[in-house]
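Structure, as structure tokens:
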Amino acid sequence: LRLARDARAHNATIEMDAEFAGDVVAGLSAKKKNLSPKYFYDATGSELFEEICLTPEYYPTRTETALLQHIAAEIAADLPAGAVLVEFGSGASDKTRLILDAAPHIASYVPIDISKDALEKAAAKLAQLYPALQVLPLLGDFTATLALPAATQTQAKVGFFPGSTIGNFTPEQAVQFLRAARQLMGDKASLLVGADVVKDEATLVAAYDDAAGVTARFNKNMLVRINRELGGNFDLDMFDHKAIWNNEHQRMEMHLVSKADQLVNAAGHTFAFMAGETFHTENSHKFTPESFARLAAQAGWSVRKQWISEVPQFAVFSLVP
Ligand code: AVJ
């Protein structure tokens, strides 16, 4: 549902996404201002994330890729011939290729993604790279209820959820997701999950506050989007990027801290920020083998195997019902 509204700040009519507008109004009206990290990822945000992955401080992506490269043959050896690989939030399907290259006996691939463009592009590319592979893209939100294509009904299922995206969920949402994946894939299933590991605070904080300021720009892109898409008037210079380790909840948090008392308009509303008040934009949970196994167990999965990289540590877990 999209609705057009008068955007006073621009003195022009813009089209606002009703879900985005609703989430911004609710999040900025809350006692602790917050917004879902899913709103980072417009085209600019996705590019900035790619740029973050190139900074020396942000270790997760390159560490996971190297780990997957290292263990792909071992993973492949455990996969039954004729299996279907189901990827949750497949994006460009880059990490998938590490698995597919090592496991030519995988018969089908179901990439699930919310971005139609990314899904179609990746599906076409993979179909071309792996002519024997049946590619069955599924457009949709992988946190919502989905059904697998009928063609995969009798195939053994292998789920793939890399990138530590699971860390963006609250523990409750993570359990809910893992349960839904369990439902979706049935009993002849396994699930590969990439998750970042708890480590020293300095390494974690640096990863979310790189010296070149790319993560700060990524964080502030939330404000850029609100300004452009919801007629907002955030002054980017009036907010500081802040990354902190929350030990109680074992997570990195990103906030935007107001530098002064100020009023900001967005989505047709006015919001008051006090000096020092924070706008919480992301949680990125970190795990130990124990905490991850506990989470998985709550959703009916057990850890069959786990691989942990050298420091800075990153983990891949293979779960079975
Ligand atoms: C894409 C969710 C894995 O939480 O580390 C990177 C996003 N945020 N720098 C993460 C992110 C700040 C990233 N994930």
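Express the carbon and sulfur contribution to the solvent-accessible surface of the stretch 29-71 as a percent, rounded to the nearest whole number, probe 1.4 angstrom. Write out the running numbers ahead of the final one.
Numbers: 1370 of 2380 Å².
Within the stretch 29-71, the accessible surface is 58 percent carbon and sulfur.
Residues of the chain: accessible area per residue at 1.4 Å, in Å²? Each step should come with its number before you reach the end.
Values: 15010 Å² over 321 residues.
I get 47 Å² per residue for the chain.
Can you give the Rg to Rh ratio of the chain, both from alpha-carbon atoms, with Rh computed by the Kirkwood formula?
Details: Rg = 20.6 Å, Rh = 20.9 Å.
Rg/Rh for the chain comes to 0.99.
Let's test the formula: R0 of 45 Å, r as the Cβ-Cβ distance of Thr270 and Lys305. What FRET efficiency results, to the nearest 0.05?
Details: r = 53 Å, r/R0 = 1.18.
It comes to 0.25.
Considering only DSSP beta bridges whose two residues both sit in the chain, what percent are antiparallel, to the nearest 5?
Working: 38 of 58 bridges.
That works out to approximately 65 percent antiparallel.
Simple spin-label model, 7 Å along Cα-to-Cβ: Ile14 to Gln134 in nm?
With each label point 7 Å from Cα toward Cβ, the separation is 4.5 nm.
Spin-label point model (7 Å from Cα, Cβ direction): what's the Ala151 to Lys38 distance in nm?
Modelled inter-label distance: 2.7 nm.
Calculate the spin-label point distance for Ala202 paired with Lys31, positioning each point 7 Å from the Cα along the beta-carbon direction, and give it in nanometres.
3.7
Cα axis of helix 18-29 to longest principal axis of the chain: angle in degrees, 0 to 90, nearest 10?
Orientation of helix 18-29: about 60 degrees from the principal axis.
If you bin every alpha carbon distance in the stretch 80-207 into 10 Å steps from zero, what whole percent lands in each bin?
12, 43, 32, 11, 2
Provide the gained length on full extension for the span Lys116 to Glu50, in nm with one decimal, where the gain is 0.36 nm per separating residue minus the Cα-Cα distance.
On the way: separation 66, 0.36 × 66 = 23.76 nm, distance 1.91 nm.
Contour length minus the Cα-Cα distance gives 21.8 nm.
What part of the accessible area of the stretch 122-163, given as a whole %, is carbon or sulfur when the probe is 1.4 angstrom? Numbers along the way, then the final one.
Numbers: 1270 of 2160 Å².
C and S fraction of accessible area: 59 percent.
At 1.4 Å probe size, with the rest of the protein present, what percent of the exposed accessible area of the stretch 265-321 is carbon and sulfur atoms? Can you show the working numbers first?
On the way: 1330 of 2440 Å².
The value for the stretch 265-321 is 55 percent carbon and sulfur by accessible area.
Given the rule -39500 (n - 2.57) for each run of at least 4 DSSP H residues, summed and divided by the residues of the chain, what is its mean residue ellipticity at 222 nm, to the nearest 500 deg cm²/dmol?
Values: 9 runs with 114 residues, N = 321.
The helix-only estimate for the chain comes to -11000 deg cm²/dmol at 222 nm.
Please give the contour-minus-distance gain from Arg179 to Val224: 0.36 nm per residue of separation, less the Cα-Cα distance, rounded to one decimal in nm. Walk me through the numbers before you get to the answer.
Values: separation 45, 0.36 × 45 = 16.20 nm, distance 3.52 nm.
Gain in length upon complete extension: 12.7 nm.
The values are calculated or read from the model by the stated rules, or taken from the named source; none is laboratory data. Quick caveat: nothing in here was measured; it's all calculated off a predicted structure. Every residue, glycine among them, receives a Cβ derived from its backbone with ideal geometry; neighbour counts consider all protein chains shown. With ligands, DNA and RNA removed, areas are computed over all heavy atoms of the protein, side chains included. Shrake-Rupley method; radii C 1.70, N 1.55, O 1.52, S 1.80 Å.
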